[in-house]
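Chemist: Quick one: this structure, given as structure tokens, is what I'll be asking you about.
Please treat every number below as a calculation from the coordinates, not as lab data. Please read these numbers as outputs of a predicted model, since none were measured by experiment. We place every Cβ from the backbone using ideal geometry, glycine too, and count neighbours over all the protein chains shown.
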Amino acid sequence: MLRHLPDDDEDKPAVDNVLRLGKELGQDERNYIRQAGLKALFTFTSKKHLGVLSGAIFFAVIAGLIIPGQSLLFGLIFNQFANCGSGRISGPALLANLSRYCVYMTALGAGSWFSNALCFMFWLVFGELQARSARDRIFNNLLSKDIIWYDIRRNGVGAFLPRIQMCAV
């Protein structure tokens, strides 16, 4: 059974200070969340992560440039068909040109596969590095907090335990 301790007048200012501090911290957190923008995505990036990030960006650009290259190549292929249809080139010339363009298309396909695979790999590694950095910073930050910070939280284990105890009664 849960017992309520009598209120001491001496403890009331301390309790009020703790509650006021909790409201101020909550407001600061809400303001920070509102102000966080695109730069918040890279909050946990360190200099060690820049090599992986630059690799990810490089292969993303390469993978992105292959699609317009394929479009240009398709345009050249259809131009060969139009030239053959208008009589500008003969059938054997069309076959030779299309064979060459098919080799180019195969090379672009292999390049697309390779660059997309490396792009995905680098972004995955960068995300894992970011997550590890975030976990480490959060853990170290939680270790540096005063005990009162945990007591004034409205959510979390410190606030959850009294609710469970009240329900168990």
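Chemist: Rank by packing, highest mean first: peptides 63-70, 139-146, with packing defined as the count of other Cβ atoms within 10 Å averaged across residues.
Modeler: Per-residue mean Cβ counts within 10 Å order the peptides as 63-70, 139-146.
Chemist: Taking the Cα-to-Cβ direction at Tyr101 and at Ser86 and moving 7 Å from each Cα, how far apart do the two end points lie in nm?
Modeler: With each label placed 7 Å out from Cα toward Cβ, I get 1.4 nm.
Chemist: Which order do peptides 91-102, 118-129 fall in by mean Cβ count within 10 Å, highest first?
Modeler: 118-129, 91-102
Chemist: Can you run phi through the Karplus equation (6.51, -1.76, 1.60; θ = phi - 60°) for the stretch 105-117 and list ³J(HN,Hα) in whole Hz, with x for Gly and Pro?
Modeler: Result, ordered by residue: 5, 5, 5, 5, x, 5, x, 5, 4, 5, 5, 5, 5 Hz.
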